[in-house]
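Asks: What follows is a single structure, and I will ask about it in a moment.
The values are calculated or read from the model by the stated rules, or taken from the named source; none is laboratory data. All values reported here derive from a predicted model rather than from experimental measurement. Cβ sites come from the backbone with ideal geometry, for glycine too, and all protein chains shown count toward neighbours. Surface accessibility is based on the protein's heavy atoms, side chains included, excluding ligands, DNA and RNA. Shrake-Rupley method; radii C 1.70, N 1.55, O 1.52, S 1.80 Å.
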Amino acid sequence: MSREGLVPRLLDVVTLAVRAHHGQVRKGALAEPYVLHPIEVARMVTEAGADDDTILAALLHDVVEDSDTTTDDIARDFGRAVAELVAEVTDDPTIEGLPRPERKARQAQHIARASRPAKQIKIADQTSNIEDLTRMPDAAPPEGHESYRQGALRVVDACRRACPPLEAPFDAAIGAHRKAAP
């Protein structure tokens with residue numbers, strides 16, 4: 001797609017992400033607007049050389065879980081390819097109430113069968129989450145840090161070899177979190 005074609009789509013996707021995450025904040029004392037997270041995930045996949053649909057899906061990766069937006073809405077407005085990627089990285093609602101280790105195990109099983117672009121989004125998602133947890137340690141109780149880190153490792157391990165340029169920053173984020181965790 002040409003730059004001229006991408007920019008309007010990108011602005012429309014950002015608008016949807018901002019609206020879908022309106023009023024949502026990240027955990028922790030900083031209470032940063034949640035939409036900064038999908039923007040960071042999109043930045044990471046962009047820097048790793050992802051295609052346009054993957055970048056757009058990265059911006060929307062939590063929209064279905066966090067709002068009334070459906071994958072059908074995304075397909076209608078942004079195309080089937082973007083919607084399919086968002087669907088691949090959207091958690092099955094039945095795992096929501098499970099303990100973190102079981103939830104992360106199911107996420108890992110699911111993402112292991114996903115497409116390479118979906119794995120790219122998931123690696124960037126986990127990297128962003130670990131970096132945020134390191135930067136805002138009060139976002140989880142001390143005992144939650146190790147559990148989250150182990151879960152993120154499990155999910156990313158299911159994505160290994162999908163995108164080494166994203167795996168290295170994840171591994172660095174895990175190392176930094178190990179050193180800084182309460």
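Asks: Select from region 92-105 the residues that are of a type outside the set (Ser, Thr, Tyr) and closer than 14 Å to Glu65 by Cβ and write down the one among them that is least open to solvent (accessible area, probe 1.4 Å).
Replies: Among them, the one singled out is Ile95.
Asks: Return yes when Leu16 is among the hydrophobic types (A, V, I, L, M, F, W, C), in contact with a Phe, Trp or Tyr (Cβ under 9 Å, 6 or more places away or on another chain), closer than 23 Å to Ala75 by Cβ and in contact (Cβ under 8 Å) with a residue 24 or more places away in the chain and no when it is not.
Replies: So Leu16 passes the test.
Asks: Out of Asp125, Asp132, which single residue is within 21 Å of Ala57 (Cβ to Cβ), buried (at least 16 other Cβ atoms within 10 Å of the Cβ) and either in contact with a helix residue (DSSP H, G or I) (Cβ under 6 Å, 6 or more places away or on another chain) or basic (Lys, Arg) (or both)?
Replies: Asp125
Asks: Take region 136-179 and flag every residue that is in contact (Cβ under 8 Å) with a residue 12 or more places away in the chain and open to solvent by 60 Å² or more (accessible area, probe 1.4 Å).
Replies: Asp138, Pro142, Glu146, Gln150, Arg154, Asp157, Pro165, Arg178
Asks: Would you call His22 touching a Lys or Arg at 6+ places or on another chain (Cβ under 7 Å) and not basic (Lys, Arg)?
Replies: no
Asks: Further question on the same structure: Scan region 103-120 and report the pairs whose first residue is within 22 Å of Gly144 (Cβ to Cβ) and whose second residue is basic (Lys, Arg) and buried (at least 21 other Cβ atoms within 10 Å of the Cβ), with Cβ atoms within less than 7 Å and a gap of 6+ or a chain change.
Replies: Listed by first residue and then by second, the contacts come to Ile111/Lys119; Ile111/Lys122.
Asks: Among the candidates Ala139, Ala114, Ala162, Ala83, single out the residue that is touching a Ser or Thr at 6+ places or on another chain (Cβ under 8 Å) and among the small types (Gly, Ala, Ser).
Replies: After applying the criteria, what remains is Ala83.
Asks: Taking the condition of a type in the set (Ser, Thr, Tyr) and open to solvent by less than 50 Å² (accessible area, probe 1.4 Å), does Thr71 pass?
Replies: Answer is yes for this residue.
Asks: Something else now. Scan region 45-58 residue by residue and report those that are open to solvent by 10 Å² or more (accessible area, probe 1.4 Å) and either within 10 Å of the chain's Cα centre (by Cα) or of a type in the set (D, E, K, R) (or both).
Replies: Glu47, Asp51, Asp52, Asp53 - these are the residues of region 45-58 that are open to solvent by 10 Å² or more (accessible area, probe 1.4 Å) and either within 10 Å of the chain's Cα centre (by Cα) or of a type in the set (D, E, K, R) (or both).
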